[in-house]
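The values are calculated or read from the model by the stated rules, or taken from the named source; none is laboratory data. No experiment lies behind these values; they were computed from the predicted model shown. Here the Cβ positions follow ideal geometry from the backbone for every residue, glycine too, while neighbour counts run over all protein chains shown. Note: accessible area is taken over every heavy atom of the protein model, side chains too, but ligands, DNA and RNA are not part of it. Shrake-Rupley method; radii C 1.70, N 1.55, O 1.52, S 1.80 Å.
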Amino acid sequence: MKAPDPDAVFAALRGSDPDVMDRDELVDFVKKVASMKSWCESLNVRATRRQRHLAAEGRAESPKDLLAREGGQSGKEARAGDERERVCCALPNFEDALATGIVSAGHVDAIAGAIRNLDEPLTAEFLAQGHELLADAERMGVDLFERSCRDLARQLNAAAATTNDADELERQRQKSNVRRWTDKETGMRHTHLELDPVRDAQLWAAIDQHRRQARSKAGNGLTWEQLQVEAVLAAVTSGGDAVVQLHVLVDLATIRNGLHANSVCEFADGTPLPRSVVRQMACDAEIIPIVLAGDGRALDIGRGARLATEPQRQALRAMHRTCIHPDCEVPFDDCRIHHVVPWERGGSTELANLAPLCESRKHHHDVHEGGWRLTLTSDRVATWIRPDGITYWTGTTVDRAPRGAAPPRTELHAA
């Protein structure tokens, strides 16, 4: 692809007024901004590389120091820029794609994050898939591409592991910690808790249970943020007597034979889980099988109740990591189970009519009070229609696709 003419793009942006644009004009405007940002980031990559050469000769400071001091960046942003240049050195096709606006800096950063904790041989094996990675990046948003890169790194680690994967979980347990400090400006107290995936899931299962109980009380008047705080406090102070459920999703081939190219072995939010730990958990847990169709859809196990049953929620978890809005990453357990055809209008409480919609990003509100319309077919293809009647998005809502398989997506807008 020919690199964009930055002068032409800048001139178009400088002469634009987003305050008076309609939706389609804003789309074009945002795309131009993204193109200019990608081009500028490609220049930063080249500048970082040159700075690294000068620093090696003793004629300049390190690239991170330059980016932080002269580039007006935070230390975290400067480190990200430094890692971005290293990825582009290893994958020149991504540097070219960044300069032409095919990918964003976020795509490059997703690779940097995935290989950060890989050893040298595994990093080389990861980067050897550069052409496939670029093909994925071209058709995936940053969030989905980041997840795909994490999955690839996890698979490479699992294939090369010489110790039981439970040992890795034990290492994470040993590194778990709690830190507490006071913000001197605001006086607010901060508590930072770092946990291994299993104990984190146990904690948040308890929090989610208390949050659902608090949310069910009519007229509590709490915002979403306040509800979260109350749920955390209730979970911590309840004495640990409450019984909570952990939802683990694993395919039969993985639990029997080990990880494979399209393994699913994770908590409901997509957090990977060691296979051996799942096998241990299965020894002490009640197993609730959820049979999936070939395209990942859970079979209907609904009942005629007003609210979704727990088995239905489990089936929905098996299909959805997140809210079903196409641009939303809010985890399933932070969502409400929404009747696509409202109960009061004859909508039944069965899987074909149920879907998770978030509250924190207002997608549940958008459908109920915001004028948006949502439809869902029997094979779980959703259509989102804006309040002005324009179809915003049509595509599958099942997001547990194998690595490299982007969910089908169709965007339809007015001409």
Backbone HN-Hα couplings from phi across segment 67-72 [Karplus 6.51/-1.76/1.60, Hz, Gly and Pro as x]: 4, 6, 7, 8, x, x
Long-range tail of P(r) for segment 62-125 (Cα pairs > 16 Å, %): 49 percent
Contour excess over end-to-end distance, with Cα ends at Thr271 and Ala55 and 0.36 nm allotted per residue: 73.8 nm
Rounded accessible area of Met188 (nearest 10 Å², 1.4 Å probe): 120 Å²
Solvent accessible area, Å² - Cys335, 1.4 Å probe, full protein context: 0 Å²
Distance between modelled label sites at Arg139 and Lys362, nm, 7 Å Cα→Cβ extension: 3.4 nm
Zero-based 10 Å bins, Cα pair distances in segment 97-172, whole percents: 18, 48, 24, 8, 1
Cubic angstrom per residue, convex hull over Cα atoms of segment 1-84: 133 Å³
Overall form of segment 31-189 per C-alpha gyration tensor (a/c, 1.5; a/b vs b/c): oblate
Amide H contacts under 5 Å for Thr322, placed H, 5+ residues apart: Phe332
